[in-house]
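The values are calculated or read from the model by the stated rules, or taken from the named source; none is laboratory data. Fair warning: this is a prediction, and the values are worked out from it, not measured in the lab. Every residue, glycine as well, gets a Cβ built from its backbone with ideal geometry; the counts of neighbours run over all protein chains shown.
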Amino acid sequence: MLGCLSVSSLHATVLPFVGKIIFPYIISEEPCIFYKGNRIPVYKQYNDDGSTLFTYEVCEDKKAQNVSFVVCPRLDLETESNTIYFLKLNETIPYTFLDLTGTRTYSPTGGLAQFSWSAQEKKVTADTAYKLPDDVIIFFFNPEYVQFVVKSWSQDANVRMLPDCVIHKHVAQDVVQKELVQAQFVATDMKTVHAGFHGGQKKQYGRIIATMMPK
């Protein structure tokens, strides 16, 4: 993995931003992650505790201070005369839209600074036509089943850690599997759409920032 490292060796400003999706049981279907119009590869790992971990990465400027992340079952398109202008959320469909801002804290013992994300949940409005940023990371899934855990990284780390998406244990395995299968159909549509759309390991620490519970 960490394919961005080969890029960063040539262009020191580019680093991998790494995220994880954790299911509490064995899952065969891969989650669908999109970024800048492309489906992002995920890497599966079965853990000894019976959980399934999927890891993915996106390449970004190491100086990037803001990242947008959305979890939703599907998206709508703003079009005119067969031209796609932007992706947008449907206000009638559940979603979680996070605006992540990089923050830095200093060790009281004088050690290396730790970096993390300050997360703010946002709502799209009619004033902005429910538009999503062009560089948003999209996870096609029911947000009511997801808990987010913010990660931190040290000043000399060669990766930036995106929030973990942890699937609630009380959500039945067959329900989750169905969500992932439905996301595959959405992903197929997205790939068709975007074909013509222009528009060293460090110890990690976590904290829960949002919990979306099923109704």
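Checking N38, N90 one by one, the residue that is surrounded by fewer than 17 Cβ atoms within 10 Å (Cβ to Cβ) and within 14 Å of the chain's Cα centre (by Cα) is N38 and no other. Being of a type in the set (V, I, T) and either closer than 20 Å to V70 by Cα or at pLDDT 85 or above (or both) holds for only one residue in T128, T109, and it is T128. Here the range 4-24 is the region considered, the condition is being part of a loop (DSSP other than H, G, I, E, B) and touching a strand residue (DSSP E or B) at 6+ places or on another chain (Cβ under 7 Å), and the residue that is modelled with the lowest pLDDT is T13.
For N142, are the conditions met, namely being modelled with pLDDT of 90 or more and surrounded by 13 or more Cβ atoms within 10 Å (Cβ to Cβ)? Against the criterion (modelled with pLDDT of 90 or more and surrounded by 13 or more Cβ atoms within 10 Å (Cβ to Cβ)), N142 qualifies.
Among the residues of the range 155-166, is any farther than 26 Å from T13 by Cβ, within 13 Å of the chain's Cα centre (by Cα) and not charged (D, E, K, R)? Yes; the residues of the range 155-166 include at least one that is farther than 26 Å from T13 by Cβ, within 13 Å of the chain's Cα centre (by Cα) and not charged (D, E, K, R).
Here's the yes/no breakdown for (1) in a helix (DSSP H, G or I); (2) within 16 Å of P143 (Cβ to Cβ); (3) among the polar types (S, T, N, Q); (4) at pLDDT below 55:
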{"site": "N158", "(1), (2), (3), (4)": "no, no, yes, no"}
{"site": "K169", "(1), (2), (3), (4)": "no, no, no, no"}
{"site": "V175", "(1), (2), (3), (4)": "yes, yes, no, no"}
{"site": "E179", "(1), (2), (3), (4)": "yes, yes, no, no"}
{"site": "Q182", "(1), (2), (3), (4)": "yes, yes, yes, no"}
{"site": "F197", "(1), (2), (3), (4)": "no, no, no, yes"}
{"site": "Q201", "(1), (2), (3), (4)": "no, no, yes, yes"}
{"site": "I208", "(1), (2), (3), (4)": "no, yes, no, yes"}
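Counting only strands (runs of 3 or more DSSP E) that sit wholly inside the range 42-149, those with at least 3 residues that are out of contact with any Cys (no Cβ under 8 Å at 6 or more places or on another chain) are 43-46, 52-61, 66-72, 76-80, 83-88, 96-105, 114-122.
Residues in the range 51-80 that are out of contact with any Lys or Arg (no Cβ under 9 Å at 6 or more places or on another chain) and of a type outside the set (V, I, T): S51, E57, C59, D61, K63, Q65, N66, F69, C72, P73, R74, E80.
For the range 95-108, the set of residues classified as surrounded by fewer than 16 Cβ atoms within 10 Å (Cβ to Cβ) and within 15 Å of K122 (Cα to Cα) consists of T101 only.
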